[in-house]
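Colleague: Right, I'll just put the structure down here and ask away after.
The values are calculated or read from the model by the stated rules, or taken from the named source; none is laboratory data. Computed from a predicted structure; not experimentally measured. Virtual Cβ from ideal backbone geometry, glycine too; neighbours counted across all protein chains shown. What goes into the accessible areas is simple: the full protein's heavy atoms, side chains included, and nothing from ligands, DNA or RNA. Shrake-Rupley method; radii C 1.70, N 1.55, O 1.52, S 1.80 Å.
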Amino acid sequence: DTAVSQTPKYLVTQMGNDKSIKCEQNLGHDTMYWYKQDSKKFLKIMFSYNNKELIINETVPNRFSPKSPDKAHLNLHINSLELGDSAVYFCASSQDGGFGETQYFGPGTRLLVL
Amino acid sequence: AQSVTQLDSHVSVSEGTPVLLRCNYSSSYSPSLFWYVQHPNKGLQLLLKYTSAATLVKGINGFEAEFKKSETSFHLTKPSAHMSDAAEYFCVVSESGNTPLVFGKGTRLSVIA
């Protein structure tokens, strides 16, 4: 009964390819997030959605496009992959994005671009 | 603007001895503060959080943290380290709803038998 799940867990691909990472939460939360963790373990938010609406869009290349078909899912599509995109990508969710809310994280997707 | 500084990138303790992981924050408002733990190749798990209630916050697995506004600190402690505590720990600040969480750079805790 995983609360926040991501697929795939590992993704190895060539430069220039397009790939997607899927995220699903079964907590009934309204808000979902994507984070990127670099090789030095630094975590930075990329996007957040509240009830399928984009709320936060940090300075991320427009090769990255989040899509939320419903409030339980937030997928991340990456076009024209570059070496620098190699990282661990975490999906998270919280009740409604309010102040002080706990965010629940998925297990991460380890992306390696060759 | 909000920011977090974790003062040690790596802390090593012996099993059974106290743990202290240090965190200082900067915020224009009264922030929420969190500690998350990440075990190797796992996602992040909430240890504890402060949201303007009691300044001494107790979390899971025997961890606690004290919010000290005068020192802008939120240090994480545990009286007695266990081998299973070895992990990466992140101090996190949030100023308001719908603003991004800001993570510190992490402190790697090693526990020596």
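Colleague: Look through A:Lys52, A:Lys41, A:Lys19 and report the one residue that is more than 16 Å from A:Tyr104 (Cα to Cα) and at pLDDT 90 or above.
Modeller: None of the others qualify; the one that does is A:Lys19.
Colleague: Taking the range A:1-45 as the region of interest, how many residues are without any contact (Cβ under 8 Å) to a residue 24 or more places away in the chain and surrounded by 13 or more Cβ atoms within 10 Å (Cβ to Cβ)?
Modeller: So the answer is 4.
Colleague: With the requirement that a residue be out of contact with any Asp or Glu (no Cβ under 7 Å at 6 or more places or on another chain), closer than 14 Å to A:Ser86 by Cα and among the aliphatic types (A, V, I, L, M), what does the range A:1-56 give you?
Modeller: Of everything in the range A:1-56, those that are out of contact with any Asp or Glu (no Cβ under 7 Å at 6 or more places or on another chain), closer than 14 Å to A:Ser86 by Cα and among the aliphatic types (A, V, I, L, M) turn out to be A:Leu11, A:Val12, A:Ile21, A:Leu43.
Colleague: Let me ask something else. So how many residues does the range B:39-55 have that are without any contact (Cβ under 8 Å) to a residue 24 or more places away in the chain and facing another protein chain (nearest Cβ under 7 Å)?
Modeller: Residues flagged as without any contact (Cβ under 8 Å) to a residue 24 or more places away in the chain and facing another protein chain (nearest Cβ under 7 Å) within the range B:39-55 amount to 5.
Colleague: Sticking with this structure for a sec: Tell me the strands (runs of 3 or more DSSP E) entirely within the range B:30-88 that contain at least 1 residues that are of a type in the set (Lys, Arg), in contact with a Phe, Trp or Tyr (Cβ under 9 Å, 6 or more places away or on another chain) and open to solvent by 10 Å² or more (accessible area, probe 1.4 Å).
Modeller: B:44-50, B:64-68, B:73-78
Colleague: In this structure, is B:Ser30 free of Cβ contacts under 8 Å to residues at least 12 places away in the same chain, within 22 Å of A:Gly100 (Cβ to Cβ) and hydroxyl-bearing (Ser, Thr, Tyr)?
Modeller: It is false that B:Ser30 is free of Cβ contacts under 8 Å to residues at least 12 places away in the same chain, within 22 Å of A:Gly100 (Cβ to Cβ) and hydroxyl-bearing (Ser, Thr, Tyr).
Colleague: Determine the pairs where a residue that is closer than 12 Å to A:Cys91 by Cα, located within the range A:59-80, has a partner that is basic (Lys, Arg) and open to solvent by 60 Å² or more (accessible area, probe 1.4 Å) with Cβ atoms under 6 Å apart, the partner being 6 or more residues away or on another chain.
Modeller: Every condition considered, the pairs that remain are A:Asn75/A:Lys22; A:Asn75/A:Lys67.
Colleague: Right, next: Would you check which residues across the range A:46-67 are part of a strand (DSSP E or B) and either open to solvent by less than 80 Å² (accessible area, probe 1.4 Å) or on the phi > 0 side of the Ramachandran plot (or both) and list them?
Modeller: A:Met46, A:Phe47, A:Ser48, A:Tyr49, A:Asn50, A:Leu54, A:Ile55, A:Ile56, A:Phe64, A:Ser65, A:Pro66
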